[in-house]
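Encoded as structure tokens, the structure appears first; notes follow it.
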Amino acid sequence: MLSIRTLTLALAATAAFAPAAFAQDASGDTAAGKRFSVVGGYSLTEPTRNPVIDGNLTKAEGEGTPTLSAAWNITDNISVEAWGADKAGYRIATGGNKTASIDGQAYSLSGQYHFGAADNTVRPFVGLGYHETNYSNEKAAGSGALAGDRIGVETAKGAVATVGVDVNINPTWFARADARYFDGDGDIKLNGAKAGTTEFNPVMVGVGIGARF
């Protein structure tokens, strides 16, 4: 959780000092009317809920992962975004001891609303959509509570909500900070039998650099 708090403070500082750091473009180019944008970034994952597996309350911790998004800007304020992340590992512990490790890979499709004019230096936005998170590389720890069990985790599906801010560097390039909340769960199976649900409901806090065309 400390890493996410540190990243969040850094994002807030970036947004606060952006008007002084980035000068307006003097070439006559404008961000208005550019209908496509892409953003490459990096996000830290933190589960907000801990699953119960085979009757045991566990503690889940996430990690960081690269992300990539592409958006069609229907207007200067409304866009549709396809977003995806590389695999992020989840470490599962019971009673302070490592129980299992799982890789999760999320992707989503969202509608977004961007506030203000396209050429404003700072532009907050919000979004709502649908996500699926695929799980793989499920492994039980050699000496944990699930040692020797075969673990399977089904794809989690549900709603995703986004809040963020874009900081225009010039009419083409911008910096982005965002936070995404993923709701949804999938069954956890031990040796083929249901033993709980993921219910990670993670928050992903990230930064990135984008370009619009």
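Observations, loosely collected:
- Among Leu109, Leu44, the order by Cβ neighbours within 10 angstrom, fewest to most, reads Leu109, Leu44.
- Dmax and Rg, reported as Rg then Dmax, of region 152-213 (C-alpha, Å): 17.4, 55
- Residue order, fewest to most surrounding Cβ atoms within 10 angstrom, among Ile92, Ile209, Ile151: Ile209, Ile151, Ile92
Readers should treat all values here as calculations from the given coordinates under stated rules, not as data from a laboratory. As the structure is a computational prediction, the values presented were derived from the model and not from experiment. Positions of Cβ are backbone-derived with ideal geometry, glycine not excepted, and every protein chain shown enters the neighbour counts.
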